[in-house]
Amino acid sequence: MSYQQAPKVLVTGGAGFLGSHLCDRLIARGEDVLCVDNFYTGSKRNVDQLIDHHRFELMRHDVTFPLYVEVNRIFNLACPASPIHYQHDPVQTTKTSVHGAINMLGLAKRVGARILQASTSEVYGDPEVHPQQEGYWGRVNPIGIRSCYDEGKRCAETLFFDYRRQHNLEIKVVRIFNTYGPRMHPHDGRVVSNFIVQALQGEDITIYGDGSQTRSFCYVDDLVEAILRTMDTPAEFTGPVNIGNPGEFTMIELAEMVLRLTGSKSRLVRQPLPQDDPKQRQPDISLAKSALGWEPKVSLEDGLKETIAYFKRLLQA
Ligand code: NAD
Ligand code: UDP
Ligand code: UDP
């Protein structure tokens, strides 16, 4: 079956934070969507709004096992993204990235589907090049506590490019930088959800280390738009392409913005910096701008307002 004939889009990890927003957008575009998830960190609640839609199908399945379905595009997002979750069962994390990629690439090969991999800025590790361009090979510890995620994602990228070289698959690789927004899990341990939940509940805001480390935060709607555009690029475009918001903030600046926007009186308290925590992170998005005609539109302040409103509703429910 060719790319044009089969009608369905597969989203692995589709019941997760990013995957569920992607499913929403695909359904809104009139696509037939097959959402596959093992509900490790995602939940049916994230796709509740789609369950009764005639173009939407939800399947419980672990991508480390083979999957035989007929689709013409695959968005491979399955993988826990928060350090707390991916370190909980690190062997399963590597399996999900590596065996998951092999299975989804094998599927893409059999049905002639185009396939996109959700890679990560973590492939750059703790970078000595700033901001990070796609040509930078990264500085990743192969044996640390983040390695199951970082090296798993690096190996998945290798597999994507080898399936292209060996089997001529149509691949796309996006390197996603920290993304936030509604439907983040309140206790998934990532910094944006932690700070907002702590501020709303009047608890101490936990700054790891001295809070001078930086991250660049992209709002989920901007991210999903970029992923969709990447999938629709001409066949010769493979990426990897950085997707993120170049606005760079220290964790202290983020905490202060969250306090101001919530009107919270929470105190900032220091906690130890986790092992191998990258010191700085900022995407160079020149390639995304030229190849996708894309740049993020939502400022951190506006995106945080939406996310705070979401967590307020969630915590009151
Ligand atoms: P998430 O944890 O909310 O979503 C991941 C989804 O994958 C969950 O629904 C989970 O249940 C599912 N999953 C995990 N292992 C699976 C398996 N073996 N089989 C089937 N499903 C499985 O995380 P997210 O933030 O939505 O991230 C989605 C993707 O984007 C991940 O691949 C992640 O590595 C990548 N990414 C996210 C960010 C970010 O800031 N959110 C940054 C870089 C990369
Ligand atoms: N696979 C799958 N669905 C398919 C085709 C393949 O899940 O529709 C899996 C299968 O487990 C296989 C892997 O993808 O081991 C890689 O497939 P490929 O054809 O590249 O290699 P194989 O191992 O079959 O020689
Ligand atoms: N962080 C923090 N307090 C928290 C959670 C995280 O200071 O409660 C820091 C963490 O040490 C890191 C940054 O925020 O420097 C981003 O962490 P996150 O886990 O969100 O993402 P990643 O490290 O994978 O970019």
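The values are calculated or read from the model by the stated rules, or taken from the named source; none is laboratory data. Here the structure is a predicted model, which means the values were calculated and not measured. Cβ: placed from backbone, ideal geometry, glycine included. Neighbour counts: every protein chain shown.
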Residues of segment 198-234 being touching a residue at least 40 places away in the same chain (Cβ under 8 Å), surrounded by fewer than 21 Cβ atoms within 10 Å (Cβ to Cβ) and over 16 Å from residue 273 (Cα atoms), in sequence order, are 200, 201, 202, 203, 204, 221, 222, 225, 228, 229, 231, 233
Criterion (among the hydroxyl-bearing types (Ser, Thr, Tyr), in a loop (DSSP other than H, G, I, E, B) and within 16 Å of ligand 3 (Cβ to nearest atom)) met by exactly one of 41, 64, 93 | 41
Hey, residue 142 hits all of (1) within 21 Å of residue 287 (Cβ to Cβ); (2) over 19 Å from the mean Cα position of the chain (by Cα); (3) modelled with pLDDT of 95 or more but one; which does it fall short on?
-> (1)
Taking segment 62-97, which residues are under 16 Å from residue 156 (Cα atoms), buried (at least 20 other Cβ atoms within 10 Å of the Cβ) and among the hydrophobic types (A, V, I, L, M, F, W, C)?
-> 63, 74, 75, 77, 78, 79, 81
Can you pull out the residues in segment 159-203 that are more than 16 Å from ligand 1 (Cβ to nearest atom), within 28 Å of residue 133 (Cα to Cα) and either part of a helix (DSSP H, G or I) or not aliphatic (A, V, I, L, M) (or both)?
-> 161, 162, 163, 164, 165, 166, 167, 168, 170
Which one is farthest from residue 104 (Cα to Cα), of the residues in segment 28-67 that are among the β-branched types (Val, Ile, Thr) and within 19 Å of the chain's Cα centre (by Cα)?
-> 47
Filter segment 76-104 for residues that are in contact with a Gly (Cβ under 9 Å, 6 or more places away or on another chain), away from ligand 2 (no atom under 16 Å from the Cβ) and among the hydrophobic types (A, V, I, L, M, F, W, C) and give the result.
-> 77, 79, 81, 84
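On the basis of being crowded, with 24+ Cβ neighbours inside 10 Å, part of a loop (DSSP other than H, G, I, E, B) and more than 16 Å from ligand 2 (Cβ to nearest atom), does residue 15 make the cut?
yes
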Residues being in contact with a Leu (Cβ under 7 Å, 6 or more places away or on another chain) and surrounded by fewer than 20 Cβ atoms within 10 Å (Cβ to Cβ): count how many of those fall in segment 109-128.
-> 1
Residue match in segment 149-163 (condition: on the phi > 0 side of the Ramachandran plot and surrounded by fewer than 20 Cβ atoms within 10 Å (Cβ to Cβ)) | no
Segment 207-258: number of residues that are under 20 Å from residue 182 (Cα atoms), of a type in the set (Ser, Thr, Tyr) and away from ligand 3 (no atom under 12 Å from the Cβ) | 1
Restricting segment 295-307 to residues that are crowded, with 20+ Cβ neighbours inside 10 Å and out of contact with any Gly (no Cβ under 7 Å at 6 or more places or on another chain), the residue that is nearest to residue 139 (Cα to Cα) | 296
Where residues in segment 120-147 are of a type in the set (D, E, K, R) and part of a loop (DSSP other than H, G, I, E, B), which of them is nearest to residue 275 (Cα to Cα)?
-> 146
